[in-house]
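The values are calculated or read from the model by the stated rules, or taken from the named source; none is laboratory data. Treat the numbers as computed from the prediction; the structure is a model and nothing was measured. No Cβ is skipped: glycine too gets one built from the backbone with ideal geometry, and neighbour counts run over all protein chains shown.
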Amino acid sequence: VKKHTGRCAWFERFEHRVARRDPPTRPYPGSVVETLGRVGVSGDPGLRMRAYRENKTSRCPQYGAMAYRAEDEEDERMELGLDVRKVDSYSVVDVKGEIDVYTAPKLREKLIELVSEGSHDVVVNLEGVDFLDSTGLGVLVGALKRVKAHDGSLSLVCTQDKILKIFKITGLTKVFPIHESVDEATGNSR
Amino acid sequence: MVELEIPPRSAYVGVVRLALASLGRSLDLDDEAVDDLKIAVSEACTNAVLSNEAAGGDHPVSVKWIQESGRVVVEVADRGDIYDRRGDDDSLSGGGIGARVTMSVAMLSSLVDDFEISPRPGGGSCARLVFPL
């Protein structure tokens with residue numbers, strides 16, 4: 001097997017979506033398998049994934065985001081959306097996208113900014129999050145310590161099993177209050 | 001076998017996650033299994049990238065996808081230093097490995113069938129993850 005080193009050029013130009021209902025008998029032109037093959041990496045020809053060459057028109061947001069990554073490595077963490085709103089005395093951060101080693105710094109910056117501006121009761125809404133890893137957990141734990149230092153609170157909103165699973169595995173369900181809705185987290189549920 | 005080599009930078013962890021998730025789907029793994037695969041692979045790559053950064057090197061991270069009967073083995077090899085605290089937002093523990101790595105290892109241990117991390121000759125470590133098919 002030949003190796004491909006250096007920048008993942010094969011990934012920079014494509015957007016992807018899964019075409020599961022239409023399994024190819026041989027790699028689609030522009031598919032991961034085909035591109036891997038072209039750059040000298042052997043792959044499983046049964047791979048059911050198709051790539052589109054269109055420019056940044058994401059058909060599958062989850063994968064479409066990938067196209068931005070390598071293009072602008074240093075900044076443009078387009079795949080993580082962060083919207084802040086005030087609900088009573090709480091600052092609610094609606095997070096959208098994937099929280100990983102690449103995007104977590106953006107979340108950390110936002111949370112540090114909020115605390116330094118005097119928002120000490122923070123709700124992080126994870127309902128729009130597709131992926132969360134240990135770097136994301138690290139950021140949340142860090143933010144919890146910061147608000148606690150100001151006698152504040154940090155609670156989470158999450159009902160997705162795949163995200164809750166991460167908190168259960170790491171024992172962090174005992175550390176964070178986890179709510180089913182923003183209303184519940186801000187004491188507005190009835 | 002599929003082998004990928006990525007530069008040891010955070011932007012490429014998602015590339016590996018996406019590529020291996022699609023390999024998983026091609027084997028008809030269900031959504032939950034693919035989610036577990038994505039998290040585990042991502043954790044191993046994150047550890048590799050951050051520990052490589054810590055060691056100050058620019059050695060590529062190698063990811064191998066090895067399909068065997070009834071299982072898939074994923075090997076992630078780096079030339080970094082797993083004991084570095086980089087990536088810890090705030091350290092929770094007093095000594096030893098950092099809080100993020102501790103959480104990462106907890107996640108890996110419970111998401112895969114078998115997980116081991118071993119030192120490599122010449123420096124760095126290799127994480128070996130076994131997934132049932």
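A few notes on this one:
- Meets criteria (at pLDDT below 95 and more than 10 Å from chain A (Cβ to nearest Cβ)) for B:A11: no
- When A:S155, A:S116 are screened for being in contact with a Pro (Cβ under 7 Å, 6 or more places away or on another chain) and away from chain B (no Cβ under 14 Å), only A:S155 passes.
- Among the residues of region A:153-190, those identified as among the small types (G, A, S), over 22 Å from A:P105 (Cα atoms) and not in a helix (DSSP H, G or I) are A:G171, A:S181, A:G187, A:S189.
- Of all residues making up region B:59-82, the number that are part of a loop (DSSP other than H, G, I, E, B) and in contact with a helix residue (DSSP H, G or I) (Cβ under 8 Å, 6 or more places away or on another chain): 6
- Checked against (1) closer than 20 Å to A:S116 by Cβ; (2) within 14 Å of chain B (Cβ to nearest Cβ); (3) touching a Phe, Trp or Tyr at 6+ places or on another chain (Cβ under 9 Å), A:L137 passes all but condition (1).
- Checking each residue in region B:21-42 for being more than 7 Å from chain A (Cβ to nearest Cβ) and either at pLDDT below 95 or more than 24 Å from B:T102 (Cβ to Cβ) (or both) picks out B:A21, B:G24, B:L27, B:D28, B:L29, B:D30, B:D31, B:E32, B:A33, B:V34.
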